[in-house]
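See below for the structure under consideration.
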């Protein structure tokens, strides 16, 4: 969540500071760097090493630093030269500002650092304004019915210095930026309403504000302050809207269209997950398992924390332990100088999503079970116990009960992660493909008007067997949006496999063999790319590992080039 809103503002700030040899970094509330910019500049090489993602620059780890003091004191700060605690940090100057979420919780800090040349730091105002912009983005992303912006002065009621409140349709306060909290004396109470804050009905105030359109209107707060206010955004919200902060990469429009047969189960999963019941998602590759996991996180008990996804099948067996558990400096040859927090630790106070958990090595399953049961871990090469608290979602395309019977998956771990099992149907079995197509078209079109599909193109999409499921469909529509002319997607604007697969699917329907249709689509795509597995996988919209499984399943492995030739 922090990165989703901080990165665009960091880009703007870095565009201003880049030529002056500054490094811009964002740290989380514990002091760990989550994003940095400028480390590629040769003049900033030493700073780039300090601000590598994963390094802790907080006060407990590095003593007095700009971001460490900003987190400890909750205010804008500048630390120059010898004011740093560590001797290694004294060649630098840094300015940092804290970042607060819409609930008033400290969630990180924004920092700018450069070599110290004895001159005063002149970027404090730029750092402060950028941090305020990040906080304002978080408030407007809450999805309320409207946002109210205000200031003592009318000219600042639309600036980044404004107070900003997000309200639901019935006037419940969903979130506020620090400026609003300061002006209105907001304490950390569970609920505020518009009438509590402004002493008059919501409808009456909105009528006055809307009559004046974008012009600031004088309103009086319950604490007696006279403020210039305006309505920032006004939109109707339906029952399906959620006033939550979505993590980066979440795909709400597509997730809104669930197959009618699984909708009741998904509703049950949301309720269970909110009460910390672990969720196990089953489904073929590309059916939207991670999309569902992100949606659960966004509505879950730790939605303001990180969403950390781990693909258990893509991490080499030799690295999986260090990736999951992290390590201390010097734990092994090649270890980072400052050590590294593992995925479990990164997910603390958030959600851990273990994708393809059915492919996790058996020896690692015992350690995972211990972490889940004890809610603590010790880094490799370390002795300190780290307490953990995260929500858990697992996903796999495999039948875990069957793997338990084959002794390739621990039975005790299976029952620990299978609090509620959700089976996502493959796209070829879904009943809502037309609604899903329209939602994905709107998503790919962005701010533009979504193009429409010709009758031939739409029928081809309906007939395609979709071995890559929703992921393949989205890639196909993305290509169609890019290539279409005059707002209409024709068959020739879709991937070649869509047109090729259509007659195969039609003939397959007659004898009831969807598998044959899928085999033919894979064979033709492979032939088109002369056996190149990477190119074939991209065309089909599936992962290479999935394509290799399909090749073996359909007896086409000999027609593919070897991985080295790839």
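Bear in mind that the values in this text are calculations on the coordinates, not laboratory data. Because the structure is a prediction, the values reported are computed rather than measured. For neighbour counting, all protein chains shown are included, and Cβ atoms are generated from backbone atoms with ideal geometry for every residue, glycine included.
Some notes on this structure:
- Ranked from largest, the principal axis spans of the Cα set of segment 323-413 equal 42, 29, 20 Å.
- Each of 320, 121, 134, 279 was scored by other Cβ atoms within 10 Å of its Cβ. Arranged with the fewest first, they read 121, 320, 279, 134.
- Square roots of 5 times each gyration tensor eigenvalue, C-alpha, segment 2-137, largest first, Å: 20, 16, 13
- With contacts taken as Cα pairs under 8 Å at a separation of at least 6 residues, the chain carries a relative contact order of 9 percent.
- Alpha carbon centroid spacing (whole Å) that separates segment 381-398 from segment 167-209: 38
- Every helix of 4 or more DSSP H residues in the chain counts as -39500 (n - 2.57), and over all residues that averages to -11500 deg cm²/dmol at 222 nm.
- Highest to lowest packing among 372-380, 461-469, scored as the average C-beta count within 10 Å: 461-469, 372-380
- Shape of segment 142-234, Cα gyration tensor, a/c cut at 1.5: rounded
- Taking 268, 183, 10 and counting other C-beta atoms within 10 Å, the order from fewest to most: 268, 183, 10
- Spread of Cα-to-Cα distances over 10 Å intervals beginning at zero, given as percent, for the chain: 3, 15, 21, 24, 21, 12, 4, 0, 0
- Segment 265-307 versus segment 1-38: alpha-carbon centroid distance in Å: 29
- The chain: angle of helix 124-140 to the longest principal axis, Cα-based, in degrees nearest 10: 50
- Residues 493, 275, 297 in ascending order of nearby Cβ atoms (within 10 Å, fewest first): 275, 493, 297.
- Protection-proxy order for peptides 543-556, 195-208, each taking the mean of Cβ atoms within 10 Å per residue, highest first: 543-556, 195-208
- Protection-proxy order for peptides 97-104, 531-538, each taking the mean of Cβ atoms within 10 Å per residue, highest first: 97-104, 531-538
- Antiparallel content of DSSP bridges confined to segment 269-406, in %, to 5: 25
- Entry note, segment 252-423: relative contact order of 32 percent, from Cα contacts under 8 Å with a spacing of 6+ residues.
- Contact order normalised by residue count of segment 2-137, Cα under 8 Å, 6+ apart, percent: 23
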